[in-house]
Amino acid sequence: MAEVKPYNMCWLEYTDLSKYKNKYIKVFENVVVLGGNELNLPLKELKNFLTFSLNIKPKIFKNTLVKGRNYVLIGRLIEIKKIFKESERFEKLLNDEGFIIKRIDIDGNKVLIITAKSYNGIVYGIFNLIERLKRGEDIENIDIVSNPSLRFRMLNHWDNLDGSIERGYAGKSIFFRENKILINERTKDYARLLSSIGVNGVVINNVNVKKKEVELITPSYLKKIGELSKIFSAYGIKIYLSINFASPIYLGGLNTADPLDKRVAVWWKAKVDEIYEYVPDFGGFLVKADSEFNPGPHMYGRTHADGANMLGEALESYGGFIIWRAFVYNCLQDWRDTNTDRAKAAYENFKPLDGKFSENVIVQIKYGPMDFQVREPVNPLFGGLEHTNQILELQITQEYTGQQIHLCYLGTLWKEVLDFDTYAKGEGSKVKEILKGNVFDLKNNGMAGVSNVGDDINWTGHDLAQANLYTFGALSWNPDERIEEVVKRWIELTFGDNEKVIKNISYMLLSSHKAYEKYTTPLGLGWMVNPGHHYGPNPEGYEYSKWGTYHRANYEAIGVDRSSRGTGYTLQYHSPWREIYDNIETCPEELLLFFHRVPYNYKLKSGKTLIQTYYDLHFEGVEEAEEIRKKWIELKGEIEDKIYERVLNRLDIQIEHAKEWRDVINTYFFRRTGIPDEKGRKIYP
Ligand code: GCW
């Protein structure tokens, strides 16, 4: 019965669940749809699931109520209200994209209502219902109201037109091949996957917009982008494009891209008009400007606000948005220069512009001040910006976290970021509350995740890395959800309801980030990776480079003093964090080496020295990785063979590479200090 595709459908795989048929048949025999044909697609989604997985073939009725029988009723609230008075009170319960799933009594019949104010809401409602059915949930008396807490829930693809993906670890792009836009069955399935986790925007191309990609906003590509957008819109998702700020020069033949030059603004306005002709549902632009060799307004002595607002104006009448990245720093630093601190750059660049951005401009901020390290403090722009829409940027793709060879579940880290209290307006000013619009009066906020997807058979290279994508969606819908719940749900949807499978994979996911952190660069140190590709240990790989990422280890101490006595980075935080981070005694130890320069013999709270702690963490990290592998081996026979083998293969490599990390880092510290491991374990002299 189950559906067969040449790739796996992750949490949306419609496996044979006819064991639940009897449980659900009474509910789903009849389905009534209100409205015109616009709900055909969500209806089809439901029908497909019922047929493929449950072997239930419902009778469909359009705009006719069925008397004397139970039925499912799907329709926008505006339609439902016409026939069912009581639903008027639903109005207040829903935001624009939320949905209600509720089973009620109408004239003695049990009716399962799926309703929402918008089309998107209906689609989300249908996918949510499918999730519940896949998990065998009791829906006899279901009563769900669910609203997304964040307005923007976006994926960023760093995909290039030739099909390559910057920092991609799961095959080639699903959007581009050989300078053409790809549209096939998989395109639609990707839209379905994203829609099922509530994502409502996708940037399809890399923020580094190179020569060929500049052309994406010309008619030769826009036609296809229009087709792509239709497919995604049907699932409630808007397409966005990354643009090159110097496009007026490259495409328009102008000799400037100065945002305050009238000709430039006129050119962009005409360009935007043209884009909307081809792509009426277009979402807007993502811009990496004045960052890592990408052009921007600084080239003309203008500010980021000048640049962003000029573009914002061009998009305004269409309801489009400019998403402007805050990842701006000096990438040509001299390592000898100890006054410049890259960690301070985003705040220094954007804090002075707070309040200067237009309403349809959103500043997109990486979670930490550096660059997606295994652990960083939360970017002080959160809580720093009070009058600017903001999107939290997370990296789902595992650039610095094991490149989808290592299992590194990121939900636990993201949750800590979302729960971080900035104290911007006193206690309770958590990042997630800022994003929800509860701290400052700004609603155009959200989350963006750099996609970990490619054309591999399982989309994400490592089968268990699908959990990161799923979790990104779940948390951007509801950042308050318990992470253990998200993990459990993902496992059940992906692997079924076997208790042991749930228990073991939960353990694997929930402990994996900590383990990875321990055997790589714990205590907030970061970096120490091989330059360029960023995989594997290299303690001084970035020590004498231009990228501003130094640990400055000598024979006595390691780390950068970012306190008020050092670079002053701690002063970018609100109290009490400013004081907590500033003081080596109160600084959370997991971030110790981010904020402080610490002598190797400094005693941590455990009573152990820094160096001994570093050795211990590395040995522990490998042991934990081995434990994670053991939990998988216990599942042999419980998981489909192919997936079992694929994951095992990666876990084997992970262990080997974790040992490499452990030994390289420990040896580096030993050679620097000459201090042996107290426990006499093997460290290579
Ligand atoms: O993490 C760094 C990556 C670059 C990336 C850049 C960015 C897309 O190494 O590959 O470029 O960040 O976020 O812009």
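For region 122-161, give the magnitude of the charge dipole about the Cα centre (Cβ charges: +1 Lys/Arg, -1 Asp/Glu; no others), in debye to the nearest 20. Don't skip to the answer; put the middle values down first.
Details: 5 positive and 6 negative charges, 43 e Å.
The calculation lands at about 200 debye.
Taking the simple approach of a point 7 Å from Cα along Cα-to-Cβ for both residue 638 and residue 255, what is their distance in nm?
7.1 nm
Remind me, relative contact order of the chain in percent, using alpha carbon pairs under 8 angstrom and six or more residues apart? Don't skip to the end; give the middle numbers.
Numbers: 1358 pairs, mean separation 74.4, N = 685.
Relative contact order, the chain: 11 percent.
Give me the accessible area of residue 492, 1.4 Å probe, in Å² rounded to the nearest 10.
Approximately 30 Å² of residue 492 is accessible to the 1.4 Å probe.
If DNA, RNA and ligands are ignored and the probe is 1.4 Å, what is the ranking of 657, 298 by accessible area, most exposed first?
Numbers: 657 55, 298 85 Å².
These residues rank, largest area first, as 298, 657.
Read phi for every residue in region 551-562 and hand back ³J(HN,Hα) as whole Hz from Karplus 6.51 cos²θ - 1.76 cosθ + 1.60, θ = phi - 60°, with x for Gly and Pro.
10, 6, 5, 10, 6, 10, 8, 9, x, 9, 7, 9
Distance between Cα centroids, region 637-663 to region 568-619: provide it in whole Å.
Taking the Cα centre of region 568-619 as reference, the centre of region 637-663 is 33 Å away.
In degrees, nearest 10, range 0 to 90: what is the angle between the Cα axis of helix 641-673 and the longest Cα principal axis of the chain?
20 degrees
Relative to the first principal axis of the alpha-carbon coordinates of the chain, what is the inclination of helix 40-49, with its axis defined by its Cα atoms, in degrees from 0 to 90 and to the nearest 10?
On a 0 to 90 degree scale, this one is about 80.
Defining a contact as two alpha carbons under 8 Å apart and six or more residues distant in sequence, what relative contact order in percent does region 438-589 show?
Values: 109 pairs, mean separation 11.8, N = 152.
In percent, rounded to a whole number, it is 8.
Give, as ranges by residue number, the residues of region 502-533 whose backbone N falls under 20 Å from the point 7 Å along Cα→Cβ of residue 546.
Only 528-533 pass the distance filter.
Which FRET efficiency value, to the nearest 0.05, do you get for residue 223 and residue 91 by plugging their Cβ-Cβ distance into 1/(1 + (r/R0)^6) with R0 = 51 Å? Spell out each step's value before the answer.
Numbers: r = 40 Å, r/R0 = 0.78.
With R0 = 51 Å, the Cβ-Cβ based efficiency is 0.80.
Each residue of region 147-163 in order: what ³J(HN,Hα) in whole Hz does its phi give by Karplus 6.51 cos²θ - 1.76 cosθ + 1.60, θ = phi - 60°, with x for Gly and Pro?
10, x, 7, 10, 6, 9, 10, 10, 10, 10, 9, 9, 8, 9, 4, 6, x
Past 26 Å, Cα to Cα, is the threshold; run 605/679; 518/603; 117/224; 430/630 against it and keep the listed order. Walk me through the numbers on the way to the answer.
Details: 605/679 19 Å; 518/603 18 Å; 117/224 30 Å; 430/630 37 Å.
From 605/679; 518/603; 117/224; 430/630, over 26 Å: 117/224; 430/630.
Ignoring ligands, DNA and RNA, what percent of the accessible area of the chain is carbon or sulfur (1.4 Å)?
Carbon plus sulfur share of accessible area: 49 percent.
Could you pull out every one of the aspartates and glutamates with an alpha carbon less than 17 Å from that of residue 92, ignoring same-chain neighbours closer than 8 positions?
Result set, ordered by chain and number: 79, 143.
Suppose every K and R has +1 on its Cβ and every D and E has -1 on its Cβ; what is the size of the dipole of region 145-233 about the Cα centre, in Debye to the nearest 20? Let's see the in-between values first.
On the way: 15 positive and 9 negative charges, 22 e Å.
Its charge dipole is roughly 100 debye.
In whole angstrom, note down how far apart the Cα centers of region 499-518 and region 95-113 are.
Computed from Cα coordinates, the inter-centre distance equals 37 Å.
Sorted by accessible area (1.4 Å probe), largest first, how do 573, 119 line up?
Values: 573 10, 119 45 Å².
These residues rank, largest area first, as 119, 573.
Can you work out the FRET efficiency for the pair residue 5 and residue 667, with r the C-beta to C-beta distance and R0 = 45 Å, to the nearest 0.05? Mind dumping the intermediate values first?
Numbers: r = 47 Å, r/R0 = 1.05.
According to the calculation, E is roughly 0.45.
Dipole of the chain, Cα-centred, from +1 at each Lys and Arg C-beta and -1 at each Asp and Glu C-beta, to the nearest 20 debye? List each step's numbers first, then the result.
On the way: 91 positive and 93 negative charges, 282 e Å.
Dipole magnitude for the chain comes out near 1360 debye.
Cα gyration tensor of region 623-685, axes a ≥ b ≥ c as square roots of the eigenvalues: rounded (a/c below 1.5), prolate (a/b > b/c) or oblate?
Verdict is prolate for region 623-685.
Residues with amide H under 5 Å of residue 72's amide H, sequence separation 5 or more or different chain, H placed in the peptide plane at 1.01 Å from N; which?
Long-range HN contacts for residue 72: 30, 31, 32, 112.
Give, in nm to one decimal, the length gained when the segment between residue 184 and residue 571 is fully stretched (0.36 nm per residue of separation minus the Cα-Cα distance).
Working: separation 387, 0.36 × 387 = 139.32 nm, distance 5.11 nm.
Between residue 184 and residue 571, full extension yields 134.2 nm more.
Filter the trypsin sites (Lys or Arg not before Pro) in region 407-512 to those in DSSP coil with at most 15 other Cβ atoms within 10 Å of their Cβ, and list the result.
Numbers: sites: 415, 425, 430, 432, 436, 443, 482, 488, 489, 500, 503; in loops: 425, 443, 482.
For trypsin sites (Lys or Arg not before Pro) across region 407-512 that sit outside H, G, I, E and B with at most 15 neighbouring Cβ atoms in 10 Å, the list reads 425, 443, 482.
For residue 177, enumerate residues with amide H under 5 Å from its amide H, sequence gap 5+ or separate chain, H modeled in the peptide plane.
182
Mind checking which aspartates and glutamates have their Cα closer than 12 Å to the Cα of residue 230? Skip sequence neighbours fewer than 8 apart in that chain.
Hits, sequence-local ones excluded: 281.
What does the C-alpha gyration tensor say about the overall shape of region 83-157? Classify as rounded when a/c is under 1.5, otherwise prolate if a/b is larger than b/c, or oblate.
oblate
Based on alpha-carbon positions alone, could you give the equivalent ellipsoid semi-axes of region 453-603 from the gyration tensor, as √(5λ), descending, whole Å? Write out the running numbers ahead of the final one.
Values: eigenvalues 255, 83, 44 Å².
The three semi-axes for region 453-603 are 36, 20, 15 Å.
For region 245-262, in order, what is each residue's ³J(HN,Hα) by Karplus, 6.51 cos²θ - 1.76 cosθ + 1.60 with θ = phi - 60°, in whole Hz (x at glycine and Pro)?
After applying 6.51 cos²θ - 1.76 cosθ + 1.60, I find 4, 8, 3, x, 7, 5, 9, x, x, 6, 9, 8, 10, 4, x, 9, 7, 3 Hz.
Could you state how much accessible area residue 13 has, in square angstrom rounded to the nearest 10, with a 1.4 Å probe and all protein chains kept in place?
Taking all protein chains as shown, residue 13 has close to 50 Å².
Can you list residues from other chains, or at least 5 along the same chain, whose modelled amide H is less than 5 Å from the amide H of residue 393?
Amide H neighbours of residue 393, under 5 Å, 5+ apart: 365, 366, 367, 448.
How do 643, 100 stack up against each other in accessible area, from largest to smallest, with a 1.4 angstrom probe?
Highest to lowest solvent-accessible surface, that is 643, 100.
For the chain, take the longest principal axis of its alpha carbons; what is the angle in degrees between that and the long axis of helix 610-633, to the nearest 10 within 0 to 90?
On a 0 to 90 degree scale, this one is about 30.
Can you bin the chain into rounded, prolate or oblate? Criterion: square roots of the alpha carbon gyration tensor eigenvalues sorted a ≥ b ≥ c, rounded for a/c under 1.5, prolate for a/b above b/c, oblate for the rest. Working shown, then result.
On the way: a/c = 1.84, a/b = 1.31, b/c = 1.41.
Oblate is the answer for the chain, as a/c is 1.5 or above yet b/c matches or exceeds a/b.
Counting each DSSP H run of 4 or more residues in the chain as -39500 (n - 2.57), what helix-only mean residue ellipticity at 222 nm follows after dividing by all residues, to the nearest 500 deg cm²/dmol? The partial results should precede the final answer.
On the way: 22 runs with 248 residues, N = 685.
Computed ellipticity for the chain at 222 nm equals -11000 deg cm²/dmol.
The values are calculated or read from the model by the stated rules, or taken from the named source; none is laboratory data. Here the structure is a predicted model, which means the values were calculated and not measured. When we count neighbours, we look across all protein chains shown, and the Cβ atoms used for this are built from the backbone with ideal geometry, even at glycine. Remember, those area values only see protein heavy atoms, side chains included, never the ligands or the DNA or RNA. Shrake-Rupley method; radii C 1.70, N 1.55, O 1.52, S 1.80 Å.
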